[in-house]
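Let me begin by presenting the structure, written as structure tokens, before commenting on it.
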Amino acid sequence: MAAQDYDGQVHWIVVDDGPQPQEITFRRDHWELEVVRPQPYWQPGENTQARNLLAGLDQVTDGAPLLIIEDDDHYAPSWLRMADNALGRAELVGETRARYYNVNDWRWREHNNTTHASLCATGMRGSAVSFFRSCCASQHRFIDMTLWRNYPGNKRLFSSHLVTGIKGLPGRAGIGMGHRSSLHGSTPDPTRARLRAWLGNDADAYLSLVTQA
């Protein structure tokens, strides 16, 4: 987020339901950072995604555009600007052909999704935010699929390769297919060349996290 080239005002709502709060030192001009600590805190084996999203949504100003930023994924510097521009033409926007990279198994895959976007690469405004809230309240397991399949309003998908879903990091296990080493159609990356091609020098940050685990 420090590298984003979007120069507008940003209200960043961080939802942290871990037993111990994560230290956050991020500061940036024109960015307001708000931390939400929903309880009860997460316990191993629980899936609190829907609950946490609802807690964050309670802090979203009516009429404000909303982007979902997931803490383990990588966002190219132009992501916020690109998504903000797309939201000028549709209420629900997202990046198609999702890229996943598992840093635990060093495997990658580029998906063929052309009718929906992963939640980490989704933005919305207006009626789409209200519909998203209803998807979270219904406790759907895969909220992104439910949102994109059922939202009746104006939707726009674009192919930009600005978001990379990072899997296999230390911490809470994910539920998506990218977290499984048996991911069908994935390709080994023993030299990390693919990771560096997608992320540039930011690849070093993920490599150091895995080394420290």
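The values are calculated or read from the model by the stated rules, or taken from the named source; none is laboratory data. Computed from a predicted model, the values in this text were never measured in an experiment. No Cβ is skipped: glycine too gets one built from the backbone with ideal geometry, and neighbour counts run over all protein chains shown. Surface accessibility is based on the protein's heavy atoms, side chains included, excluding ligands, DNA and RNA. Shrake-Rupley method; radii C 1.70, N 1.55, O 1.52, S 1.80 Å.
Placing a label point 7 Å from the Cα of Val36 along the Cα-to-Cβ direction, the residues of segment 71-98 whose backbone N falls under 15 Å from that point are 71.
Specify the residue with the greatest mean-square fluctuation among Leu147, Leu54, Leu33, computed from a Gaussian network of the chain linking alpha-carbon atoms under 10 Å apart. With Cα springs under 10 Å in the chain, the top fluctuation among Leu147, Leu54, Leu33 is at Leu33.
The accessible area of His74, taken with all protein chains in place and a 1.4 Å probe, comes to roughly 20 Å². Between Leu207 and Asp5, the modelled labels are 2.5 nm apart [label points 7 Å from Cα along Cα→Cβ].
Rounded to the nearest 20 debye, the dipole size of the chain about its Cα centre is 800 debye, using +1 on the Cβ of Lys and Arg and -1 on the Cβ of Asp and Glu. Highest GNM mean-square fluctuation among Arg51, Arg27, Arg141, for the chain modelled with Cα contacts below 10 Å: Arg27.
Between Phe142 and Asp71, the simple label model (points 7 Å from Cα in the Cβ direction) yields a spacing of 2.5 nm. Counting only protein heavy atoms and a 1.4 Å probe, segment 76-213 has 49 square angstrom of accessible area per residue. Listed options for volume of the Cα convex hull per residue in Å³ are [x] 172; [y] 164; [z] 128. The value calculated from this structure is the one marked [z].
Taking the accessible area of the chain, probe 1.4 Å, and keeping the other protein chains in place, the carbon and sulfur fraction comes to 48%.
Since only Asn52, Trp106, Ile69 are under comparison, the one whose Cα sits farthest along the positive direction of the charge dipole of segment 24-135, derived from C-beta charges on Lys, Arg, Asp and Glu, is Trp106. Placing +1 on the Cβ of every Lys and Arg and -1 on the Cβ of every Asp and Glu, with nothing else charged, gives segment 37-81 a dipole about its Cα centre of roughly 100 debye. Note that segment 14-28 has calculated 3J(HN,Hα) couplings of 9, 9, 10, 10, x, x, 10, x, 7, 6, 10, 10, 5, 9, 7 Hz, one per residue in order, obtained from phi through the Karplus relation 6.51 cos²θ - 1.76 cosθ + 1.60 (θ = phi - 60°); glycine and proline are x.
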